[in-house]
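The values are calculated or read from the model by the stated rules, or taken from the named source; none is laboratory data. Values in this document were obtained by computation on a predicted structure and should not be read as measured data. Because the Cβ atoms are built from the backbone with ideal geometry, glycine has one as well, and the counts that use them run over all protein chains shown.
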Amino acid sequence: MKRALGPVLGVCAVLGCVAPAAASGGGRIGLAYGTGGERGQPRIVIANANGGHRRTLAAGGVPAVAPNGSAVAFGTESGKVAVDVYSAAGKLIGHYFNGRRVEAGPIVWSSDSRYLAVGLTDVDATTRIGESGLAIIDTVTGRATTIAHGQLEGVTWGPTSDTLVYGLAKSTSQVGPSNLYVSTPTGSSMAQLTTNDHSVDPLWGALGITYVQFKNRGHGDAPAYQLWLMNAKAQSRQITHTRPGPLVEGLVPIAVSANGQRLIAGFQGEDTDNTFTVNLLTHAVHQIRVGKQIVTPWGISRDGKRLLVDVGGFENDDNAGEIESVPFAGGKPTVLEQHGDYPSW
């Protein structure tokens, strides 16, 4: 995934950034998603949790709603800036990074809704890292700072927002060495968590940090992923024992319930991104379908009872997707939006 414009000092002066302030008016964002794309650029829509009171913002993709519902951030389609931040009232309150030099994603909020961790990828990065890495936006000051350089392989915030963990590779190779690192938002304190060179995609929950350990299989096969759980003493145990085929990697953690027990994951690979649930206590793994349809995973409710999924949007125009909420164990879905994709709660 990504990195940024060196220490991003002076970026606001270049791009005319607006320092984000607390959102006023507009209520709380309960759902954000992308729609359109058939005849133009996809646009971001914000709505209530049930999909009502829709407001269209701007062209962009893969939105991330702040935990307190006050704002939404997303990668832009303008080519001028890489990240926009809008308030719940639909007002642009910040834009960041030079879109001609970097692309943004993933974008992850801290639990207190102050910081944004943003993966940045150099637009010319093919065989070199270039300007790829991890940047942190402080939405109180409006300042963005690059704290790590390399290819970002997932990022997650701790429960108190003063610590984050991320996966980082120093090369652009899909099977190159990658480890997990822990840092403060300023990057002033940083330490390496794993040394196996095969760790990516961390997700911090109440039981610890769920992450992927991958095994290179050679012969042109994709690396094989398994989920592991790291406790507070940095001790890890294997959670899943799946057998992915040669063209797919396996399970990647997407989101976890507040008690840390229930996980939604994506089984990913070539032309593949299917929804699975994982119980981190029992290690039970279960695929979720809506009827006979395979669905794409996006989120889980705090109580772990509902999953946020998309039906039909994967590798199609955003309008082809239907955003739904389904029970953790599967069952009757609730339709939130009939024409949308990449939703965020």
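Working carefully through the options Pro67, Pro63, find the one that is at pLDDT 95 or above and either among the small types (Gly, Ala, Ser) or assigned to a strand (DSSP E or B) (or both). Walk me through it before giving the result.
Values: Pro67 fails: either among the small types (Gly, Ala, Ser) or assigned to a strand (DSSP E or B) (or both).
After applying the criteria, what remains is Pro63.
Name every residue in region 297-341 that is under 27 Å from Ser113 (Cα atoms), of a type in the set (Phe, Trp, Tyr) and either surrounded by fewer than 21 Cβ atoms within 10 Å (Cβ to Cβ) or at pLDDT below 95 (or both), in order of residue number.
Phe328
Restricting region 148-177 to residues that are assigned to a strand (DSSP E or B) and touching an Asp or Glu at 6+ places or on another chain (Cβ under 6 Å), which is farthest from Thr195 (Cα to Cα)?
Filtering region 148-177 for residues that are assigned to a strand (DSSP E or B) and touching an Asp or Glu at 6+ places or on another chain (Cβ under 6 Å), the one farthest from Thr195 (Cα to Cα) comes out as Gly154.
Of everything in region 44-72 that's within 18 Å of the chain's Cα centre (by Cα) and touching a residue at least 60 places away in the same chain (Cβ under 8 Å), which residue is surrounded by the fewest Cβ atoms within 10 Å (Cβ to Cβ)?
Only one residue tops the list, namely Gly61.
Check region 242-262 and report whether any residue there is of a type in the set (Ser, Thr, Tyr), assigned to a strand (DSSP E or B) and either in contact (Cβ under 8 Å) with a residue 40 or more places away in the chain or in contact with a Pro (Cβ under 9 Å, 6 or more places away or on another chain) (or both).
No: region 242-262 contains no residue that is of a type in the set (Ser, Thr, Tyr), assigned to a strand (DSSP E or B) and either in contact (Cβ under 8 Å) with a residue 40 or more places away in the chain or in contact with a Pro (Cβ under 9 Å, 6 or more places away or on another chain) (or both).
If we scan region 103-112, do we find a residue that is surrounded by fewer than 19 Cβ atoms within 10 Å (Cβ to Cβ), without any contact (Cβ under 8 Å) to a residue 24 or more places away in the chain and either closer than 26 Å to Gly187 by Cα or not hydroxyl-bearing (Ser, Thr, Tyr) (or both)?
Checked against the condition, which is being surrounded by fewer than 19 Cβ atoms within 10 Å (Cβ to Cβ), without any contact (Cβ under 8 Å) to a residue 24 or more places away in the chain and either closer than 26 Å to Gly187 by Cα or not hydroxyl-bearing (Ser, Thr, Tyr) (or both), region 103-112 yields no hits at all.
Suppose the filter is assigned to a strand (DSSP E or B) and either under 16 Å from Gly119 (Cα atoms) or not polar (S, T, N, Q) (or both); does Gly187 pass it?
Working: assigned to a strand (DSSP E or B): no; either under 16 Å from Gly119 (Cα atoms) or not polar (S, T, N, Q) (or both): yes.
Spelling it out, it is not the case that Gly187 is assigned to a strand (DSSP E or B) and either under 16 Å from Gly119 (Cα atoms) or not polar (S, T, N, Q) (or both).
If you go through region 181-226, how many residues are of a type in the set (A, V, I, L, M), surrounded by 14 or more Cβ atoms within 10 Å (Cβ to Cβ), within 27 Å of Ile300 (Cα to Cα) and touching a residue at least 40 places away in the same chain (Cβ under 8 Å)? If you could, list the steps in order and put the result at the bottom.
Looking only at region 181-226, we keep the residues that are of a type in the set (A, V, I, L, M), and these are 182, 190-191, 193, 200, 203, 206-207, 209, 212, 222, 224.
Going one step further and asking which of them are surrounded by 14 or more Cβ atoms within 10 Å (Cβ to Cβ), we end up with 182, 193, 200, 203, 207, 209, 212, 222, 224.
Retained after the next criterion (residues that are within 27 Å of Ile300 (Cα to Cα)): 182, 193, 200, 203, 207, 209, 212, 224.
Those left that are additionally touching a residue at least 40 places away in the same chain (Cβ under 8 Å): 193, 200, 203, 207, 209, 212.
Summing the residues that are of a type in the set (A, V, I, L, M), surrounded by 14 or more Cβ atoms within 10 Å (Cβ to Cβ), within 27 Å of Ile300 (Cα to Cα) and touching a residue at least 40 places away in the same chain (Cβ under 8 Å) in region 181-226 gives 6.
What pairs come out if I take residues in region 316-334 that are closer than 24 Å to Val256 by Cβ and pair them with residues that are buried (at least 20 other Cβ atoms within 10 Å of the Cβ) and among the aromatic types (Phe, Trp, Tyr) whose C-beta lies under 7 Å away, six or more apart or interchain?
Close Cβ pairs (under 7 Å, with a partner that is buried (at least 20 other Cβ atoms within 10 Å of the Cβ) and among the aromatic types (Phe, Trp, Tyr)) amount to Ile323/Tyr33.
Take region 159-173 and flag every residue that is surrounded by 13 or more Cβ atoms within 10 Å (Cβ to Cβ) and closer than 25 Å to Arg128 by Cα. Step through it out loud before you land on a result.
Just the residues of region 159-173 that are surrounded by 13 or more Cβ atoms within 10 Å (Cβ to Cβ), to begin with: 159, 161-172.
Val165, Tyr166, Gly167, Leu168, Ala169, Lys170, Ser171, Thr172 - these are the residues of region 159-173 that are surrounded by 13 or more Cβ atoms within 10 Å (Cβ to Cβ) and closer than 25 Å to Arg128 by Cα.
State the number of residues belonging to region 116-147 that are assigned to a strand (DSSP E or B) and surrounded by fewer than 20 Cβ atoms within 10 Å (Cβ to Cβ).
3
Residue under question is Gly340, and the condition is that it be among the small types (Gly, Ala, Ser) and in contact with a helix residue (DSSP H, G or I) (Cβ under 9 Å, 6 or more places away or on another chain); does it hold?
Spelling it out, Gly340 is indeed among the small types (Gly, Ala, Ser) and in contact with a helix residue (DSSP H, G or I) (Cβ under 9 Å, 6 or more places away or on another chain).
Within region 137-146, which residues are out of contact with any Leu (no Cβ under 6 Å at 6 or more places or on another chain) and among the aliphatic types (A, V, I, L, M)? Even if it seems obvious, please write down each step before you answer.
Step one: filter region 137-146 for residues out of contact with any Leu (no Cβ under 6 Å at 6 or more places or on another chain), giving 138-146.
Within region 137-146, Val140, Ala144 meet the criteria.
Check Gly79 against each of (1) touching a residue at least 24 places away in the same chain (Cβ under 8 Å); (2) outside any strand (DSSP E or B); (3) more than 19 Å from Ala47 (Cα to Cα) and name the one condition it does not meet.
Condition not satisfied by Gly79: (1).
Would you check if Phe97 is out of contact with any Ser or Thr (no Cβ under 8 Å at 6 or more places or on another chain), buried (at least 22 other Cβ atoms within 10 Å of the Cβ), within 24 Å of Gln338 (Cβ to Cβ) and modelled with pLDDT of 95 or more?
Details: out of contact with any Ser or Thr (no Cβ under 8 Å at 6 or more places or on another chain): yes; buried (at least 22 other Cβ atoms within 10 Å of the Cβ): yes; within 24 Å of Gln338 (Cβ to Cβ): no; modelled with pLDDT of 95 or more: yes.
The answer is no for Phe97.
Within region 82-101, count every residue that is hydroxyl-bearing (Ser, Thr, Tyr) and either within 19 Å of the chain's Cα centre (by Cα) or part of a loop (DSSP other than H, G, I, E, B) (or both). Working first, answer last.
Of all residues in region 82-101, those hydroxyl-bearing (Ser, Thr, Tyr) come to 86-87, 96.
From the residues that got through so far, the ones that are either within 19 Å of the chain's Cα centre (by Cα) or part of a loop (DSSP other than H, G, I, E, B) (or both) too are 86, 96.
Residues that pass the stated criteria total 2.
Could you tell me whether Ser111 is closer than 20 Å to Ala144 by Cα, modelled with pLDDT of 95 or more and either in a loop (DSSP other than H, G, I, E, B) or not charged (D, E, K, R) (or both)?
yes
Out of curiosity, is Val155 within 15 Å of the chain's Cα centre (by Cα) and either of a type in the set (Val, Ile, Thr) or within 19 Å of Ile107 (Cα to Cα) (or both)? Walk me through it before giving the result.
Values: within 15 Å of the chain's Cα centre (by Cα): yes; either of a type in the set (Val, Ile, Thr) or within 19 Å of Ile107 (Cα to Cα) (or both): yes.
Yes; evaluated as a whole, the condition is true for this residue.
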